[in-house]
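Down below is the structure, laid out as structure tokens.
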Amino acid sequence: MHSLRIPDEVAAALREVTLLDIDCERVVFGARVEDDDIILPVSDVDLEERIGYVAADANHEPNRRRRRRLDAAFTVLTEAAENSHRSAPAPAPRVAGGGAGDAWPPRSTSASAVAGLPELDIARVRRWCVARVPEHARHQVRLECEVAARHLTIVERCAPWCADIGPEWTSLPIARLRYTKATKTWSLYWRDRSLRFHAYDRLAPSPHLEALLTELDRDPTCIFWG
């Protein structure tokens with residue numbers, strides 16, 4: 001575990017991230033104040049997962065001012081992760097705030113964020129996302145698989161339908177597939193109106209990802225696709 005010192009504006013940006021699940025919320029809102037600094041207790045895996053959340057949120061954020069805040073948070077967390085990988089963990093590492101710029105990675109997380117997930121399963125979900133939308137409709141809507149340290153999020157992206165919303169595609173998370181490395185099983189999560197994820201209790205965790213994708217495709221309760 002690391003006690004990561006972060007600037008106030010980074011802590012505020014992390015609290016605003018809309019795609020956090022319950023475990024991530026516990027970490028973000030469990031930060032404490034010490035000597036006028038914000039202390040965020042995180043493990044290496046937690047840190048990588050928050051990088052993924054911040055990247056996903058910023059990649060879909062149309063507001064430039066908020067995107068810059070997320071950009072700064074991404075820079076701080078990425079520098080902390082790189083320092084952690086280069087050296088042994090040290091108590092309370094100090095990191096400086098980052099600025100906005102063009103270094104933001106489009107719709108991607110850091111490379112190490114995918115290290116804990118089976119690569120074949122990631123490829124399987126990406127193929128499923130592509131196959132679910134007919135080719136003739138992909139200029140209007142598509143599904144994407146966003147990768148974090150311990151889960152995959154399936155996101156629906158829609159082309160702008162009127163000039164008022166600007167040229168950016170809109171995004172809406174549909175479901176989350178969480179991987180438990182100890183048991184090598186996948187669990188399915190659904191998203192509520194507040195963009196929070198909850199365990200889908202009609203299907204037990206399974207080592208077979210196809211079972212989760214089949215249930216998501218069928219959606220017998222209309223909880224995923226409406």
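We did not get these values from a lab; they are worked out from the coordinates using the rules stated. Since this is a predicted model, take the numbers as computed values, not measurements. Glycine also receives a Cβ, built like all others from the backbone with ideal geometry; neighbour counts cover every protein chain displayed.
Assorted remarks:
- Pairwise label distance in nanometres, residue 138 with residue 203, each label 7 Å out on the Cα-Cβ vector: 2.3
- With R₀ fixed at 22 Å, the C-beta to C-beta distance from residue 180 to residue 218 puts the FRET efficiency at about 0.40.
- Here the calculated FRET efficiency for residue 33 and residue 196, from their Cβ-Cβ distance with R0 = 35 Å, stands at 0.85, rounded to the nearest 0.05.
- With 0.36 nm allotted per residue and the present C-alpha distance subtracted, the residue 3-residue 120 stretch has 38.7 nm of extension available.
- Each 5 Å bin from zero holds the following percent of Cα-Cα pairs in region 130-214: 3, 13, 19, 21, 18, 12, 8, 4, 2, 0.
- Peptide ranges 123-135, 204-216 listed from the most packed, as the mean C-beta count within 10 angstrom indicates: 204-216, 123-135
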